[in-house]
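Everything on this sheet refers to the single structure shown next.
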Amino acid sequence: MTSDAAVLCTKTGNAAILRGGSESFRSNTAIAGALSAGAAEAGLPGDAIMLVPTTDREAVRILYYKSRISPHEASLKADWFRIQAATLNEKKARILQKWFKKAKQDVFISIDDTYNSCGILDQ
């Protein structure tokens, strides 16, 4: 949930402080690192996504608004490759789902329990 909220805030040019509990601190650290790396790769400022390195509630009481990142408006010229990749991935997923649906009737497919959490063959 933290990553969804962070991405939505970044896309819309908003800010939020998302504080997880002590039980999710390691997960949140990994998620924040991945999001920060992705943001930097996309050309956003390095500190667009930051982690408050504590689980203490007092740590999020003082806020400082440094700058605003304007939202990105998609255009065919600027985002052609992203749109093309997303469309291709969606088409591949539809074809794979169609194949799974047919293959379930014709082919014996065995998936190890370790990898069977997605439930793709249950549909």
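Relative to the current alpha-carbon distance between residue 50 and residue 25, full extension at 0.36 nm per residue lengthens the span by 7.7 nm. Under 14 Å of direct C-alpha separation, and excluding same-chain neighbours fewer than eight residues apart, residue 11 reaches these aspartates and glutamates: 73.
The Cβ shell under 14 Å around residue 85 holds other residues with a net charge of +1, Lys and Arg each +1, Asp and Glu each -1.
By the rule of a C-alpha distance below 16 Å, with chain neighbours fewer than 8 residues away ignored, the aspartates and glutamates paired with residue 101 are 122.
Since every read-out is calculated from the coordinates, none of them should be taken as a lab result. Predicted model only: the values in this text are computed from it and were never measured. Glycine also receives a Cβ, built like all others from the backbone with ideal geometry; neighbour counts cover every protein chain displayed.
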